[in-house]
Each structure stands twice: as C-alpha cells, then as structure tokens.
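What follows is one structure encoded as structure tokens, with my remarks underneath.
Since every read-out is calculated from the coordinates, none of them should be taken as a lab result. What you see is a predicted model, and the numbers here were worked out from it, not measured in a lab. Here the Cβ is made from the backbone with ideal geometry for all residues, glycine too, and neighbour counts use every protein chain on show.
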Amino acid sequence: MFEKGQTFSAYPIKLISLAQKTELKADVKAMFVVPKKKFKHANDRNKLKRRMREAYRLQKADFYTTIGVTKLNLAFLYYGNKTEEYDMVFKAVTKLLSNLTK
C-alpha cells in the first residue's frame, strides 16, 4: 500500500490510498496513524486519532456514494508538529476525500 498507493496531502494530514476494482459492494478500510516520535504522550496521539476518525465518519456516507464499486484501503497519517483543532482536521479530511474521488 505504501509503495504502490496514491498520495494526497492537506496540512496536517497525508492520505495514502490503494484502490482495486471489485464486483461486490464497496469495501473501504481506513487506518489512522499519529507518530509516537512527534507526540510522546498517548493522550495526545489518541486525541488526534479521535478527531480524524470523527471527521471521516461524518463524511463517509457521501464518500461511499461517489466511489462506486471500488475496494479501497486508506491510511490517514498525521504529519503536523503540533495538535491542531478539530476544524482544521475536518477541513483537511474533506479536502483529501474530495481529491480522492476526482
């Protein structure tokens, strides 16, 4: 996935996706990563992952309707150096998902 996938970036999140055509219902798997090297405390990492998950969850229904019958593996990587507010994370996830569907 990390070698062959497409990469999109919107500060403070990077999205890596790998798509495969399938005849079945769309199957999307997402993972959310915050590096321990930049955020030493687990509560900071968990807070950022919760924010990314919630932003993805709120936009998931619209995203599923636009991708059609494609199997996707998604990796949301937080690369910012500081903890950003939810609004910035939501905007970044929105931009990444819209870029992915184009």
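Brief remarks follow.
- In order through region 80-91: 3J(HN,Hα) via Karplus (6.51 cos²θ - 1.76 cosθ + 1.60), integer Hz, x for Gly, Pro: x, 8, 9, 6, 8, 5, 4, 4, 5, 5, 4, 5
- Proximal aspartates and glutamates relative to residue 71, as straight alpha-carbon distance under 13 Å, when same-chain residues fewer than 8 apart are discounted: 23, 27
- In the chain, the longest principal axis of the Cα atoms and the axis of helix 42-67 are about 20 degrees apart.
- J(HN,Hα) series, region 3-20, from Karplus relation 6.51 cos²θ - 1.76 cosθ + 1.60, nearest Hz, glycine and proline x: 8, 9, x, 7, 10, 10, 9, 8, 3, x, 10, 10, 10, 10, 10, 10, 10, 9
- Dipole in debye (nearest 20) - the chain, about Cα centre, beta carbon charges: Lys, Arg +1; Asp, Glu -1: 380
- The chain - Debye-derived log10 I(q)/I(0), Cα point model, q = 0.12, 0.16, 0.22 Å⁻¹: -0.38, -0.66, -1.16
- Too-long pairs where the Cα-Cα distance tops 19 Å, listed order kept, from 29/82; 49/82; 49/95; 4/60: 29/82; 4/60
- For the chain, averaging the sequence separation of C-alpha pairs within contact (under 8 Å, six or more residues apart) and dividing by the residue count gives a relative contact order of 44 percent.
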